[in-house]
Ligand SMILES: NC(=O)c1ccc[n+]([C@@H]2O[C@H](COP(=O)([O-])OP(=O)(O)OC[C@H]3O[C@@H](n4cnc5c(N)ncnc54)[C@H](OP(=O)(O)O)[C@@H]3O)[C@@H](O)[C@H]2O)c1
């Protein structure tokens, strides 16, 4: 691969810093690096390889001449510059939900629908983190037995709401420190409530991510999982339903899956398929207490999959945890 002029928009955020680390870790051929954020953090110094880079303010001019822009500054901001930068010839990879359903952008999980990378688009949207985790586990099984329906519940870490989400959890844990016994019968007025999660997130779970759709009662996070799953698998009428839940975990989303296939698929076959799947690590050895957890998944790129079970008498159904 030729060396490229790479820009990271949202470089000071949780995702931006992770992307910078991955470029370094994978020895990505970066010829010139431009780090951008808002005026708030412009001037921050971030290290890449053996030198410090100063973060600049995001603007169309700052992106001029970039071959590749990695964007993680939220939907509203992405909408103001990604189409323009793509028009000017920059390949844009955007982490927000702004372009995921646009016909002119591709929605890609490289291990699941790599064909989408070959169609010459200029904008590539990174799917919602829950559908990425779910499809990394399901796609190898889908290729073998044909997915018919999926029902899932997520356990999503506070990092999904950015640095402010992690701070809200930490602050609430500190506030409630020493009051753990009182939580068996809490005074609702004494519970800390933050701006990010609405209800108390420390020592709690919150079954609402994004806002509710008044008509259906699903949250928009759950609707995203459904829409994006159908698009990535090119199965517009796939039966896929989600309940998305925020949990007081700093980093690492988990998902509990119930999948139905067109053909029978045994636990042994599923283990064999997943043990060979790219980007997946099989962690499924109940006898030795081996199964995935977010702390074991944090900091690694692969999705951990385990707890593979078959409901009795249902040879075309599997339960998994990833
Ligand atoms: N966290 C995750 O696990 C995750 C996973 C997948 C996708 N995403 C998506 O990725 C995006 C960023 O997430 P994050 O967790 O990294 O959030 P974050 O920690 O809050 O960081 C947001 C970044 O965007 C920058 N930004 C905000 N307003 C800006 C503006 N007006 N102009 C230029 N830059 C601006 C921020 O810079 P300042 O600090 O200077 O404001 C910061 O660098 C969101 O769309 C999120 O939904 C997040």
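Values computed for the structure shown
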quantity	calculated
Helices (runs of 4 or more DSSP H) fully within the range 218-322 counting 1 or more residues that are under 18 Å from the mean Cα position of the chain (by Cα) and surrounded by fewer than 18 Cβ atoms within 10 Å (Cβ to Cβ)	220-232, 294-297
So residue 144, is it over 26 Å from residue 75 (Cβ atoms) and either touching a strand residue (DSSP E or B) at 6+ places or on another chain (Cβ under 7 Å) or touching a residue at least 40 places away in the same chain (Cβ under 8 Å) (or both)	yes
Any chance residue 140 is surrounded by 22 or more Cβ atoms within 10 Å (Cβ to Cβ), more than 16 Å from the ligand (Cβ to nearest atom) and more than 21 Å from residue 243 (Cα to Cα)	yes
Long-range neighbours under 7 Å by Cβ, at least six apart or interchain, first residue at pLDDT 95 or above within the range 6-26, second in a helix (DSSP H, G or I) and within 12 Å of the ligand (Cβ to nearest atom)	7/63; 8/16; 8/19; 8/20; 10/16; 11/20
Within the range 1-46, considering residues that are under 20 Å from the mean Cα position of the chain (by Cα) and farther than 18 Å from residue 162 by Cα, the one nearest to the ligand (Cβ to nearest atom)	23
Residue satisfying all of: in the range 147-192; surrounded by 14 or more Cβ atoms within 10 Å (Cβ to Cβ) and in a loop (DSSP other than H, G, I, E, B); nearest to the ligand (Cβ to nearest atom) among these	162
The range 112-146: number of residues that are in a loop (DSSP other than H, G, I, E, B) and in contact with a helix residue (DSSP H, G or I) (Cβ under 6 Å, 6 or more places away or on another chain)	5
Residue within the range 254-275 that is modelled with pLDDT of 95 or more and within 16 Å of the ligand (Cβ to nearest atom) present	yes
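The values are calculated or read from the model by the stated rules, or taken from the named source; none is laboratory data. Everything numeric in this text was worked out from a predicted model, so none of it was measured. No Cβ is skipped: glycine too gets one built from the backbone with ideal geometry, and neighbour counts run over all protein chains shown.
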